[in-house]
Amino acid sequence: MGKCPDCPMGLDPSQGLSLPQRDLGVADRDTALLVSRAGLSDNGGSGLRLSCSLHLCRRIGFAIARRLARDGAHVVVSSRKQHNVDRAVAALQGEGLSVTGTVCHVGKAEDRERLVATVLEHYGGLDFLVCNAAVNPLVRSTLQASEEVWDKILDVNVKSPALLLSQLLPHMENRGMGAVILVSSIAAYIPHVELGPYNVSKTALLGLTRTLSLELAPKGIRVNCLVPGIIKTNFSKVLHMNEVFWNNFKEKYRLQRLGQPEDCAGLVSFLCSPDACYINGENIVVAGFSPQL
């Protein structure tokens with residue numbers, strides 16, 4: 001097993017070999033997941049579930065898809081770009097995992113409708129939705145953002161999870177139980193300079209989580225939110241490749257390492273499992289402890 005300088009004891013979490021598997025019991029940056037119980041009772045209770053991943057072009061989403069598949073889920077990955085779908089499917093199928101894929105832009109209603117239709121056609125239903133779609137086309141002061149930039153960020157980062165869930169809710173209700181996981185950012189608590197609209201969008205997801213958790217609890221559907229800190233991905237590369245940032249980071253975060261996508265994937269798997277059946281409406285930070293929170 002390869003070594004990773006960012007991880008304790010030299011473990012490489014990207015290999016996933018040291019992570020315990022979890023029985024899901026029921027189911028990038030830029031990602032959403034749909035999960036289905038389709039066909040469980042007919043195969044002797046194998047515990048297989050369906051997970052559908054949207055915009056799987058960042059490492060967090062890929063790690064989530066891999067972890068859920070290793071834990072017994074049937075995974076459907078999607079991205080705005082076909083080559084991202086093809087690469088993810090090939091990599092995961094190469095590990096012997098149950099994965100398929102489709103193209104989807106969550107900011108477009110017709111793409112969301114096609115995604116839902118595809119999932120229902122192949123699996124007949126779903127149990128879980130994990131929304132991690134995110135964009136940030138602006139790096140400048142908040143008041144310099146155009147209306148077009150505001151619309152793009154809010155459409156993808158905030159509106160798309162709610163709109164997609166509204167399309168999926170009837171099918172989740174039919175299952176009798178389910179879970180929704182939104183993905184915010186530490187920027188919701190500690191805003192990044194010159195990422196104003198992005199910060200606002202991630203803060204909005206905290207409120208969306210609390211609101212949906214109240215509305216959907218009577219239907220047996222739990223809603224929680226993953227709040228990643230600085231995770232080592234292409235999305236955060238502009239930060240962790242900066243020497244000044246890295247020196248400041250090491251002074252404040254005593255674990256002395258960046259987060260890994262697998263740190264997020266493990267929590268998502270837990271929240272999708274029966275072990276988390278009494279956890280609802282929580283915004284859970286995965287940031288190695290920030291003294292500023």
Result of the Cβ filter at 7 Å on segment 173-188, keeping first residues that are modelled with pLDDT of 90 or more and partners that are of a type in the set (Gly, Ala, Ser), at least 6 apart or interchain, is ILE186/GLY229; ILE186/ALA287; ILE186/SER290
**Q.** ALA162 at pLDDT 95 or above and under 20 Å from ARG114 (Cα atoms)
**A.** yes
Selection from segment 155-176 of residues in contact with a helix residue (DSSP H, G or I) (Cβ under 6 Å, 6 or more places away or on another chain) and closer than 18 Å to LYS202 by Cβ yields ASN157, VAL158, LEU164
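The values are calculated or read from the model by the stated rules, or taken from the named source; none is laboratory data. As the structure is a prediction and not an experimental result, all values here were calculated from the model. Don't worry about glycine lacking a Cβ; one is built from the backbone with ideal geometry, like all the others, and counts go over all protein chains shown.
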